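Structure, as structure tokens:
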Ligand SMILES: [Zn+2]
């Protein structure tokens with residue numbers, strides 16, 4: 001549940017559901033006239049930082065094997081061996097330091113500039129929306145909220161408005177995408193890097209075999225979602241399943257939680273797993289580290305950000321008494337706990353990759369949703385909760401995979417020249433066809449997704465997609481391990497989180513879970529766990545459907 005890529009430490013890892021939060025924050029800042037100057041100032045600092053890093057990389061690269069080994073054995077460096085080796089390895093496959101320095105400097109005003117331009121354009125776009133006879137201009141962030149509406153006509157209208165708006169801007173979006181993709185490919189070529197995947201895999205400290213094994217399991221999992229989609233169609237009373245039906249709500253929750261009750265619910269269920277996590281949640285509550293007030297002008301959702309110097313975190317979210325808000329609280333507290341677990345380590349080994357960044361947050365979400373399911377005897381509420389689980393599976397197996405497949409084919413084609421908006425849409429349709437495997441009807445696909453989704457334009461994170469699915473399935477695997485194992489795993493869990501910034505993803509899994517991520521087995525088991533509840537959903541839906549003769 002959560003925030004869009006900002007440049008702050010944790011929010012950059014946050015999820016796709018909160019595009020609106022950052023858009024809103026940016027609007028607020030823009031309204032005060034600071035937007036351009038603040039962003040430019042941050043870009044300047046980043047430019048300086050990258051310049052320093054380039055110098056540091058050059059120094060690492062200069063060391064010969066003997067010197068380097070000796071250096072790493074020094075008392076004060078032993079603990080940061082992993083990131084130092086990583087820096088040196090990277091420096092050795094890059095261009096000469098002077099050229100790298102130039103490339104980094106040019107990127108600030110070129111490469112990243114395209115991303116800025118796109119964000120500004122998308123942030124300024126509005127559509128005319130009519131409601132109960134009155135019409136107003138709303139932002140795309142506000143429009144995104146309409147996709148969760150129970151009335152299909154509203155979702156359909158929202159989709160058509162989105163498509164119309166991006167049709168008018170698709171030529172500009174295509175320029176931004178082509179130029180930033182071209183920049184990246186030129187740089188890779190000069191460095192002698194063969195695949196556009198090299199860099200994102202390196203950033204995520206994982207192997208290509210791991211990625212392939214994961215997608216294989218997701219492809220198999222997607223096919224198992226067929227009965228869920230069919231049951232949901234019946235519940236919604238629709239014959240075709242479209243892009244905008246994925247987020248259609250089913251069931252209902254009459255449960256409301258006060259702020260205190262939500263904390264207690266999280267505390268009870270997180271605390272039942274780990275006394276350490278329980279103590280942390282009490283600390284965060286008592287120190288008032290979560291700003292959750294529901295007030296006018298504040299967007300929904302939430303995010304967590306860390307302050308490494310004073311070793312604390314803060315959560316910014318809107319709590320409006322629903323189950324979803326409770327889940328967001330649990331999710332963000334997971335991020336906080338992750339930060340807490342590594343707060344005393346040297347800074348360089350607290351930098352965990354995006355693919356491991358959602359481990360603790362998803363873990364907490366799973367703890368509370370399973371507890372809520374166990375407690376709920378109300379069939380409407382159970383339907384709603386189970387639907388949330390299946391929607392997650394659908395998103396991570398299919399939607400995110402479509403983004404990945406699109407990126408793969410985009411880079412392949414971009415190497416031969418620029419692509420027109422029509423060609424980009426065609427690639428997107430092909431990617432969706434493959435990823436969804438018929439779960440969405442041919443007419444219900446979203447050709448302009450490449451233009452409307454800002455993740456494709458995130459220059460800091462090429463392939464800003466597969467880490468989401470990795471994070472979700474990895475956390476599910478950790479959760480299955482934690483709940484399925486005979487003895488207590490609380491200490492092992494904290495130890496796993498503590499290692500996320502100082503070894504590869506494969507090593508974290510092998511050391512703490514005893515599994516091999518390069519093989520499909522781990523991923524297949526996680527997919528299986530993620531789909532637990534599918535049969536319950538189908539049979540509940542069946543009862544519901546047969547029980548209401550109007551449908
Ligand atoms: Zn998160």
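Select from region 373-384 the residues that are part of a helix (DSSP H, G or I) and surrounded by fewer than 22 Cβ atoms within 10 Å (Cβ to Cβ) and list them in ascending order. Write out each step before concluding.
Keep residues of region 373-384 that are part of a helix (DSSP H, G or I), which gives 373-375, 379-384.
The answer is 373, 374, 375, 379, 380, 381, 382, 384.
Do any helices (runs of 4 or more DSSP H) lying entirely in region 468-551 carry at least 3 residues that are closer than 22 Å to residue 350 by Cβ and touching a residue at least 60 places away in the same chain (Cβ under 8 Å), and which ones are they?
Values: elements: 490-498, 505-513, 520-530, 534-547.
In region 468-551, 490-498, 505-513 are the helices (runs of 4 or more DSSP H) which contain 3 or more residues that are closer than 22 Å to residue 350 by Cβ and touching a residue at least 60 places away in the same chain (Cβ under 8 Å).
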Expected output for region 246-258 (first residue touching a residue at least 40 places away in the same chain (Cβ under 8 Å), partner in a loop (DSSP other than H, G, I, E, B) and crowded, with 20+ Cβ neighbours inside 10 Å, Cβ below 8 Å, 6+ apart or cross-chain) is 246/440
Open item on the list: Can you say whether residue 4 is within 30 Å of residue 337 (Cα to Cα), touching a strand residue (DSSP E or B) at 6+ places or on another chain (Cβ under 8 Å) and either at pLDDT 85 or above or within 16 Å of the ligand (Cβ to nearest atom) (or both), as far as the supplied structure shows?
Closed with: yes
All conditions in (1) under 30 Å from residue 144 (Cα atoms); (2) away from the ligand (no atom under 12 Å from the Cβ); (3) not in a helix (DSSP H, G or I) are true of residue 366 except (3)
Residue 249 passes all but one of the listed conditions (1) closer than 28 Å to residue 543 by Cα; (2) at pLDDT 95 or above; the exception is number (2)
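Being modelled with pLDDT of 90 or more, away from the ligand (no atom under 16 Å from the Cβ) and surrounded by fewer than 22 Cβ atoms within 10 Å (Cβ to Cβ) is the requirement here; does residue 274 meet it? Walk me through how you get there before you give the answer.
On the way: modelled with pLDDT of 90 or more: yes; away from the ligand (no atom under 16 Å from the Cβ): yes; surrounded by fewer than 22 Cβ atoms within 10 Å (Cβ to Cβ): yes.
When the stated conditions are applied, residue 274 passes them.
Given the structure, is residue 161 touching a strand residue (DSSP E or B) at 6+ places or on another chain (Cβ under 9 Å), assigned to a helix (DSSP H, G or I) and over 30 Å from residue 104 (Cβ atoms)?
Taking the combined requirement at face value, the residue satisfies it.
What do you reckon, is residue 307 free of Cβ contacts under 8 Å to residues at least 12 places away in the same chain and either within 12 Å of the ligand (Cβ to nearest atom) or in contact with a strand residue (DSSP E or B) (Cβ under 9 Å, 6 or more places away or on another chain) (or both)?
Working: free of Cβ contacts under 8 Å to residues at least 12 places away in the same chain: yes; either within 12 Å of the ligand (Cβ to nearest atom) or in contact with a strand residue (DSSP E or B) (Cβ under 9 Å, 6 or more places away or on another chain) (or both): yes.
So residue 307 passes the test.
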The one condition residue 196 fails out of (1) farther than 22 Å from residue 472 by Cβ; (2) under 21 Å from the mean Cα position of the chain (by Cα); (3) not in a loop (DSSP other than H, G, I, E, B) is (3)
Scanning region 255-268 residue by residue, the ones that are touching a helix residue (DSSP H, G or I) at 6+ places or on another chain (Cβ under 7 Å) and modelled with pLDDT under 95 total 2
Only unsatisfied item for residue 189, checking (1) within 18 Å of residue 407 (Cα to Cα); (2) without any contact (Cβ under 8 Å) to a residue 24 or more places away in the chain; (3) touching a helix residue (DSSP H, G or I) at 6+ places or on another chain (Cβ under 9 Å), is (3)
Just one listed residue, out of 262, 320, is more than 16 Å from the ligand (Cβ to nearest atom), outside any helix (DSSP H, G or I) and over 21 Å from residue 488 (Cα atoms), and it is 320
Checked against (1) more than 24 Å from the chain's Cα centre (by Cα); (2) in contact (Cβ under 8 Å) with a residue 40 or more places away in the chain; (3) under 24 Å from residue 473 (Cα atoms), residue 243 satisfies every condition except (1)
When restricted to 400, 440, 369, the only residue closer than 30 Å to residue 502 by Cα, in contact with a helix residue (DSSP H, G or I) (Cβ under 9 Å, 6 or more places away or on another chain) and either modelled with pLDDT of 95 or more or buried (at least 21 other Cβ atoms within 10 Å of the Cβ) (or both) is 400
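Could you tell me whether any residue of region 183-192 is farther than 20 Å from residue 107 by Cβ and over 20 Å from the mean Cα position of the chain (by Cα)?
As a first pass, look at region 183-192 and keep what is farther than 20 Å from residue 107 by Cβ: none.
Checked region 183-192: no residue is farther than 20 Å from residue 107 by Cβ and over 20 Å from the mean Cα position of the chain (by Cα).
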Taking region 290-307 and the residues there that are closer than 21 Å to residue 357 by Cβ and in contact with a helix residue (DSSP H, G or I) (Cβ under 7 Å, 6 or more places away or on another chain), the one that is surrounded by the fewest Cβ atoms within 10 Å (Cβ to Cβ) would be 305
Within region 63-86, residues over 22 Å from residue 97 (Cα atoms) and assigned to a loop (DSSP other than H, G, I, E, B) come out as 73, 74, 79, 80
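The values are calculated or read from the model by the stated rules, or taken from the named source; none is laboratory data. Note that the structure is predicted; figures quoted are calculated from it, not measured. No Cβ is skipped: glycine too gets one built from the backbone with ideal geometry, and neighbour counts run over all protein chains shown.
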